[in-house]
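Participant: Questions regarding the structure given below will be posed in turn.
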Amino acid sequence: MKNLLLALALVSAVPAVAQTTKKTTTTKKTIVVKKAPAKVTPAKKTTTTTTKTTAATPTPAAAPVAPLTEAEASTGLREALTTGVTKAVAFASEPDGFNLNDDIRIPFPPDAQLVATTIGSLPLGKQAVEQVTNLLNRAAEAAAPAAKDIFLNAVQQLTLTDALTLVTSSSKDAATQLLRKNSETALNAALRPSIVQSLDQVGANAAYGKLIERYNKIPLMTPAKTNLTDYVTAQTVDGLFVLLAQQEAKIRQNPAAQSTAILKRVFGSK
């Protein structure tokens, strides 16, 4: 009986224990760590530079310059002389064109130098000699315009048998020298009447005559001549040739002085 009661008591106790005993269940919490998305580096934009290659246009070769002809050389030389004469006469005709230009100033006549020295030693003698010298140059300036047509006519009559040689000559006034050689005597004769007129016009003859008269009154002196015409004519022509030579040299050497197409053609290609 006692055993039976004990058994019953045990049976009864089993549910209670079951109720009080909680089965402990440990649940591991799994933490899922989310990985940050990988940083995507944007691909570099590749810039492709396309160089446009333009084919160089070939520069056309300059046309060969035709050799200078004898006819062109002759025309160019006449043009140079014509231009030179025009400018030379213009310069010489200006006030003091002769008188203040040391290259062409006309001195007191050398064959009357004794007159100048003797009179110059007398009171007011130097002033009288200087006055006459100035008037000789005034006469040349006054006659110079008349020389233009005379010189230009000589240029046109000039025979150029070897123009190419003259053009390429090392002499800067080769054409002027040829003109002088062939025409100087004729130029003096043609210009003489204008000099006679200008010597009277400016008073040179009268002033020189007084000087000679004064000189001839000095005892034991050989009488001096009073004619100035030939001397002043030759000096005027000579002065114009000097100026012409200078103008020719400019045309040969300075492109700015080559004022026409033919001058550029003949002298610009040297």
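Participant: So, restricting to helices (runs of 4 or more DSSP H) that lie completely within the range 187-270, which ones have at least 3 residues that are of a type outside the set (A, V, I, L, M) and either within 31 Å of the chain's Cα centre (by Cα) or modelled with pLDDT under 90 (or both)?
Facilitator: 229-253, 261-267
Participant: Shifting gears a bit: Can you name every residue in the range 86-115 that is under 20 Å from residue 149 (Cα atoms) and of a type in the set (Asp, Glu)?
Facilitator: 94
Participant: Oh, and also: State yes or no: is residue 165 without any contact (Cβ under 8 Å) to a residue 60 or more places away in the chain and within 16 Å of residue 77 (Cβ to Cβ)?
Facilitator: Criteria met by residue 165.
Participant: Can you pull out the residues in the range 104-129 that are part of a helix (DSSP H, G or I) and closer than 24 Å to residue 243 by Cβ?
Facilitator: 110
Participant: Being surrounded by 14 or more Cβ atoms within 10 Å (Cβ to Cβ) and more than 25 Å from residue 96 (Cβ to Cβ) is true for just one of 196, 167. Which residue is that?
Facilitator: The conditions single out 167.
Participant: Criterion first (over 30 Å from the mean Cα position of the chain (by Cα) and within 27 Å of residue 95 (Cβ to Cβ)) does residue 132 satisfy it?
Facilitator: yes
The values are calculated or read from the model by the stated rules, or taken from the named source; none is laboratory data. None of the values given here were measured: they were computed from a predicted structure. Note: ideal-geometry Cβ built from the backbone for every residue, glycine included; neighbour counts use all protein chains shown.
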